[in-house]
Amino acid sequence: EWDIKVINLLRDGRGVANSLMKYQNINMEKAANEWKKTMNEISKTKTILKKNMSIDVRYEDLCQNTKEILDSIFDFIEIERMDSATELNIHQKHILGNPMRLNTINKIKLDEKWKHNLSQEELSIFEKFAGRTNNQLSYSST
């Protein structure tokens, strides 16, 4: 009944798990399972939406091709494209509950700390519990 548009921001599960481990103080098995559970819930939710009601946006693409991805989002939600959307203004942003709202951010940049922070053992644990889901989202395990 509602005319809604859903934007699903995807990120490599290893990056999400790394963040969960850091901010929720949990181990990799729990982080991987939390991420996998969320991805499964999103997948189930998308099955009840019409095809034109949702779009997947990869975090990595948004960071690396910001203008193009934002343009595709604007087209999807049927609003006029805004060239100024890539300009971040610390005084105009406010994201309730997100700690980044307190940081000074002037550029969208890719965060792949997980590539350096996660041990080989943690990567193996992620692969065991959530690797298949990550691969289904086109994130390779190498």
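The values are calculated or read from the model by the stated rules, or taken from the named source; none is laboratory data. Because the structure is a prediction, the values reported are computed rather than measured. We place every Cβ from the backbone using ideal geometry, glycine too, and count neighbours over all the protein chains shown. We work out accessible area using only protein heavy atoms, side chains counted, and drop any ligands, DNA or RNA first. Shrake-Rupley method; radii C 1.70, N 1.55, O 1.52, S 1.80 Å.
Accessible area per residue was computed with a 1.4 Å probe on protein heavy atoms; Met82 scores about 90 Å². Here is the list for the stretch 1-56: chymotrypsin sites (Phe, Trp or Tyr not before Pro) lying in DSSP coil, each with at most 10 other C-beta atoms within 10 angstrom of its C-beta, are Trp2.
Of the residues Val57, Val6, the one with the largest accessible area comes first in the ranking Val6, Val57, computed with a 1.4 Å probe on protein heavy atoms. For Val6, the amide hydrogen comes within under 5 Å of the amide hydrogens of Ser54, Ile55, counting only partners 5 or more places away or on other chains and with H modelled in the peptide plane. Within straight-line reach of Lys109, meaning a Cα separation under 26 Å, sit the following lysines at least 8 residues removed in sequence or on another chain: Lys5, Lys22, Lys36, Lys67, Lys93. For Arg58, nonlocal amide neighbours, meaning residues 5 or more places apart or on other chains whose placed amide H falls under 5 Å from its own, are Leu10.
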